[in-house]
Amino acid sequence: MKHAILLTFLGVLMLVLSTATAADGPKLVNEKQILPDNENWKISENQGINSMRLSPDGKHLLYIRWEKVNDPEENRQRRIYRIVLRNIASGKDKTLPIPAYRNGEIAVIMLSMNVFDTTGKRIVLGVGIDANGDGRHDHRQEKMKPVVYDIASGKTKDLSMQDDIIIPTFDRTGKGFIIIAADKQARTGKLITMRTEKASPKVHHIWGLPRGVCPAADVLSLLLPPDRNAGRRENLVLYDLKADKQIAKLPTHEKNTKLDDYNPQWTGDGRYLYYVDMKDDAAGGPDNPKTKPITRIWDRKTNKEGGIVDSAIPIGPGPGKTTMVLGKPLKGVMTPKGYILHDAATGKSWPLCDNFKRVITAQGKYVIYVKKTLGKPGAYMAEIVLPGKAKDAKDAKDKKTTSRPAKTKPPKIKKP
């Protein structure tokens, strides 16, 4: 009898504790719809992760919109992908004056980079050179160039280079550029940096796909070309742009093929890098019956691994200096079925929200997502408030209100 009572008590205690943990977790505030429900902004590539980007000032949304067109070469209809800029306050859209992408994966890669400068006034993209004038980039035949788009003027400016593949990103200052220029098969290429739009290009001694610009140092996470002789698909390194040298080779599973799909993400302070990897698992996982996804954390300060989050995909930095929003996929798929906020400094994590159908991007305090509940469908943005911050703000507001003496009017004195 006592044993049964003890078990019941422990069960109730665990329920209370788990409820308290959820209640003390991060909160979403200032939620608002930013896109009405429509199929043409729902991108299937990489489950839509990072298919939208919010400007640093929170005023503009850059997103991908697809449409179907007739393809005379293939004698069928196919999708093309346009880049659209939305003014969040007015709800007005402007399609960028560049050729449409014929490949959705290329469009998503472009938006997964530092596509906005730090002021939110300029955008950089790899753009097709529309040689035949059909308004689309045929990546099989037409070359590309890096283009800077000025939001205020609506004008574009070409950076002086072109190649079969061009993928640019702003550097951490928002003034310079990091550019990959490669051939169609990505067998040869160059890593190029420019300090400003007018500066001379600097070619570095190695090349690869930029997969995350550190916000606190001139360091880049770089996905090197496949080592076909060694049979490896993914080699991820940290590269010091100033010193022009590799400073760390990050641990990855030999069967990891996901780093060109899911962009590694830096925390706000630039110390921790979260990146997707695989681990052996007898129960199976995506694309391979003996692996499943994990997220590794690299500590740039100590130059060693800082932790592992099991069954997780990094989506983007959360609020504060050391947090990250992660998707939690089910076994056998890469599609997230839940989301957490993880703190690299403490190792703690909290369930982020059970109302997400799909998180598209996380950028500091902002998160963009599709809701799964009934009501008004569409894409939403909200601010993430860290545990305790919301209560602190409310307490400070209450204290300010109660400590301020009430204003009273002096009594009127009648003149004799």
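Structure data summary
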{"read-out": "Test: residue in segment 167-178 that is in contact with a Leu (Cβ under 8 Å, 6 or more places away or on another chain), crowded, with 21+ Cβ neighbours inside 10 Å, more than 25 Å from Lys242 (Cβ to Cβ) and modelled with pLDDT of 95 or more", "value": "no"}
{"read-out": "Within segment 302-325, tally of residues that are in a strand (DSSP E or B) and farther than 14 Å from Arg358 by Cβ", "value": "11"}
{"read-out": "Residue within segment 144-155 that is surrounded by fewer than 19 Cβ atoms within 10 Å (Cβ to Cβ) and among the hydroxyl-bearing types (Ser, Thr, Tyr) present", "value": "yes"}
{"read-out": "From Ile88, Ile43, residue being among the hydrophobic types (A, V, I, L, M, F, W, C) and under 27 Å from Asp261 (Cα atoms)", "value": "Ile43"}
{"read-out": "The one condition in (1) within 22 Å of the chain's Cα centre (by Cα); (2) closer than 22 Å to Gly307 by Cβ; (3) part of a loop (DSSP other than H, G, I, E, B) that Thr257 fails to fulfil", "value": "(2)"}
{"read-out": "Elements of type strands (runs of 3 or more DSSP E) in segment 331-403, at least 3 residues being touching a Gly at 6+ places or on another chain (Cβ under 6 Å), at pLDDT 90 or above and closer than 26 Å to Asn114 by Cα", "value": "356-363"}
{"read-out": "Flag for Gly268 being closer than 23 Å to Pro351 by Cβ, part of a loop (DSSP other than H, G, I, E, B), at pLDDT 90 or above and in contact with a strand residue (DSSP E or B) (Cβ under 6 Å, 6 or more places away or on another chain)", "value": "yes"}
{"read-out": "All positions within segment 196-226 that are in a loop (DSSP other than H, G, I, E, B) and either buried (at least 21 other Cβ atoms within 10 Å of the Cβ) or of a type in the set (Phe, Trp, Tyr) (or both)", "value": "Trp207, Gly208, Cys214"}
{"read-out": "From Lys92, Lys32, residue being in contact (Cβ under 8 Å) with a residue 40 or more places away in the chain, surrounded by fewer than 19 Cβ atoms within 10 Å (Cβ to Cβ) and closer than 26 Å to Ala152 by Cβ", "value": "Lys32"}
{"read-out": "Qualifying positions in segment 125-148 - β-branched (Val, Ile, Thr) and within 17 Å of Asn263 (Cα to Cα)", "value": "none"}
{"read-out": "Single residue of segment 52-84 satisfying the filter (in a loop (DSSP other than H, G, I, E, B) and among the polar types (S, T, N, Q)) that is surrounded by the most Cβ atoms within 10 Å (Cβ to Cβ)", "value": "Ser55"}
{"read-out": "Per-region count, segment 345-364, residues of a type in the set (S, T, N, Q), in contact with a Lys or Arg (Cβ under 7 Å, 6 or more places away or on another chain) and surrounded by 17 or more Cβ atoms within 10 Å (Cβ to Cβ)", "value": "1"}
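The values are calculated or read from the model by the stated rules, or taken from the named source; none is laboratory data. Keep in mind it's a predicted model, so treat the numbers as computed, not measured. Note that each Cβ is placed from the backbone with ideal geometry, even for glycine, and that neighbours are counted across all protein chains shown.
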